[in-house]
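Data first, discussion second: the structure below is written as structure tokens.
The values are calculated or read from the model by the stated rules, or taken from the named source; none is laboratory data. Computed from a prediction, not measured in an experiment: that's the story for all the values here. So basically every Cβ, Gly included, is an ideal-geometry build from the backbone, and we count neighbours across all protein chains shown.
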Amino acid sequence: MVGSAANVRLGLSHNIPQFALLVAVTAFVGAMVGLERSTLPLIGRTDFGLGSSAAVLSFIVAFGLAKSLTNLGAGAFAARAGRRRLLIAGWGAALPVPLLIAAAPTWDWVVAANVLLGVNQGLAWSMTVVMKIDLVGPRRRGFALGLNEAAGYVGVAAAAGIGGWLASQFAARDVLVVAGAAIAVVALAISVLFVRDTARHVELEQAQVPEHETGERAPRMREAFPQGSYRQPTLRSCSQAGLVNNINDALAWGLVPLFLAAHGAGAAQVGLVAGVYPAVWGLGQIWTGHLSDRIGRKPLIVAGMLVQAAALALLAASSGGAGMAAVSAVALGAGTALVYPTLIGAISDAASPVARASMIGVYRFWRDMGYVVGGLIAGLAADALGFGGAITVVAGLTAASGLWVLHDMPSDRRDGRSSAQSLRPELS
């Protein structure tokens, strides 16, 4: 499935068919999780009689832990197992998810299904990200990441909005099961039949780095993990910002539907708010990814975290009104759009081609641990302080994260070349 060296070229224009195919697969990945955003918290309350917010949000904790660990493994094994094989394995893990939810006699089955969904997201989304970066090369990396994340989160938005509308007409669990099964089967078929591996593109890009770096090898996980977690300032700043960003997303996914429902919103209104946030986030990333290539990553990350904090403060003050919640969802989506592709772009800048998959895996591990931390914080804080109190706590964490990036992350200056030439992890 890998092309010969003679016909392998870097750049978006040279790889449009495969790039477009991976964009479509990313949209399916997003849709798979988007279905749950407008339905699963309500299913926990109505079908399983869960009274505690912490109990309802346990599915997000399970999802986040599974996705985080899978991201780490996917980054470590991408070069050895191959990107395409891991992508296919991710869709294989998705197949049992709707079946488990359909047959679930207790909430524990739903939690188990979300472990598999986390594996699906960790493998499939990680590989579509890395493969797109492989195809386009360094010059348009931010733009490529913006398109990738836009596709994924437009998929999230469409599935959340449509799922919420269908749940107002039919049983929410039936909607989730039927649509989830269709998405998993179609995406698996596309990945098996049409996606090609990008190993030759990695080899070509690695051959173009400065001569003294051409012998660099892919780092072992014991080397990549400390570099990505705390040793290298750029990677450290991005990892903590990614974690806090997904604390926000866990809150939006699991707590906001309960917040709105508690103040009288119906399934269609919940679906609208659940869909607006990732729609703005998704579409905005096309522009923000391109902008980060021109002005640098740091300004957008700082601004995005502070905008998200302001949006959450507005949501906390909304008293659960659907109109004000929709406005805050637009602002939250705009802030996330500034941050999301830019963080992965900064990580990619800071790693050589052969180290890229491992470093992105470490970053995505910490980012998606935000679902675990966010599910716990949001659930426990909501039980102790109420919905508004929990949202306020997360708003404060988000503002602190933006200030961390402002003071800790080195500035990168755009000069038409990838900053990867000056920001490389020092592997032991």
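Out of ARG173, ARG141, I need the residue that is over 30 Å from GLU203 (Cα atoms) and of a type in the set (Lys, Arg). Which one?
Sole residue among the options that is over 30 Å from GLU203 (Cα atoms) and of a type in the set (Lys, Arg): ARG173.
From the list ALA322, ALA329, ALA351, ALA346, pick out the single residue that is surrounded by fewer than 24 Cβ atoms within 10 Å (Cβ to Cβ) and not polar (S, T, N, Q).
ALA322
Residue pairs, Cβ under 7 Å, 6 or more apart or interchain, first in the range 382-403 and without any contact (Cβ under 8 Å) to a residue 24 or more places away in the chain, second in a helix (DSSP H, G or I) and of a type outside the set (Gly, Ala, Ser). List them.
Close Cβ pairs satisfying both conditions: VAL393/ILE377.
So LEU10 passes all but one of these: (1) more than 25 Å from LEU166 (Cα to Cα); (2) part of a loop (DSSP other than H, G, I, E, B); (3) at pLDDT 90 or above. Which condition number does it fail?
LEU10 satisfies all of (1) more than 25 Å from LEU166 (Cα to Cα); (2) part of a loop (DSSP other than H, G, I, E, B); (3) at pLDDT 90 or above except (3).
Go through the residues of the range 161-179 one by one and say whether even a single one is crowded, with 24+ Cβ neighbours inside 10 Å, of a type outside the set (A, V, I, L, M), in a loop (DSSP other than H, G, I, E, B) and touching a residue at least 24 places away in the same chain (Cβ under 8 Å).
Checked against the condition, which is being crowded, with 24+ Cβ neighbours inside 10 Å, of a type outside the set (A, V, I, L, M), in a loop (DSSP other than H, G, I, E, B) and touching a residue at least 24 places away in the same chain (Cβ under 8 Å), the range 161-179 yields no hits at all.
Would you call LEU123 crowded, with 24+ Cβ neighbours inside 10 Å and farther than 24 Å from LEU291 by Cα?
yes
Considering only residues of the range 219-250 that are crowded, with 24+ Cβ neighbours inside 10 Å, more than 14 Å from the chain's Cα centre (by Cα) and of a type in the set (A, V, I, L, M), which is modelled with the highest pLDDT?
LEU235
Please find, among ALA74, ALA89, ALA62, ALA66, the residue that is part of a helix (DSSP H, G or I) and either among the polar types (S, T, N, Q) or modelled with pLDDT under 90 (or both).
ALA74
Select from the range 76-110 the residues that are within 13 Å of ALA184 (Cβ to Cβ) and not hydrophobic (A, V, I, L, M, F, W, C) and list them in ascending order.
Correct list: GLY90, GLY92, PRO96, PRO98.
Within the range 355-378, can one find any residue that is in contact with a Cys (Cβ under 9 Å, 6 or more places away or on another chain), over 19 Å from GLN121 (Cβ atoms), modelled with pLDDT under 90 and of a type in the set (A, V, I, L, M)?
Among the residues of the range 355-378, not one is in contact with a Cys (Cβ under 9 Å, 6 or more places away or on another chain), over 19 Å from GLN121 (Cβ atoms), modelled with pLDDT under 90 and of a type in the set (A, V, I, L, M), which makes the answer no.
Search the range 16-50 for residues being within 19 Å of ALA181 (Cβ to Cβ) and surrounded by fewer than 19 Cβ atoms within 10 Å (Cβ to Cβ), and hand back the single one that is nearest to the chain's Cα centre (by Cα).
Here the residue is ALA24.
Can you name the residue in the range 273-296 that is at pLDDT below 85 and in contact with a Ser or Thr (Cβ under 8 Å, 6 or more places away or on another chain) and, of all such residues, is nearest to ALA150 (Cα to Cα)?
In this case the residue turns out to be GLY289.
Condition (residue is touching a Gly at 6+ places or on another chain (Cβ under 7 Å) and buried (at least 24 other Cβ atoms within 10 Å of the Cβ)) applied to the range 180-201: is it met by at least one residue?
no
Can you tell me which residues in the range 322-373 are among the aliphatic types (A, V, I, L, M) and closer than 17 Å to THR128 by Cα?
Correct list: LEU343, ILE344, ILE347, VAL354, ALA355, ALA357, MET359, ILE360, VAL362.
Output the qualifying pairs, or none if there are none: Cβ atoms under 9 angstrom, residues six or more apart or on different chains, first residue in the range 115-127 and outside any helix (DSSP H, G or I), second residue surrounded by fewer than 24 Cβ atoms within 10 Å (Cβ to Cβ).
Nothing qualifies.
Would you confirm whether or not the range 260-282 contains a residue that is assigned to a helix (DSSP H, G or I), in contact (Cβ under 8 Å) with a residue 40 or more places away in the chain, closer than 15 Å to VAL405 by Cβ and hydroxyl-bearing (Ser, Thr, Tyr)?
Taking every residue of the range 260-282 in turn, none turns out to be assigned to a helix (DSSP H, G or I), in contact (Cβ under 8 Å) with a residue 40 or more places away in the chain, closer than 15 Å to VAL405 by Cβ and hydroxyl-bearing (Ser, Thr, Tyr).
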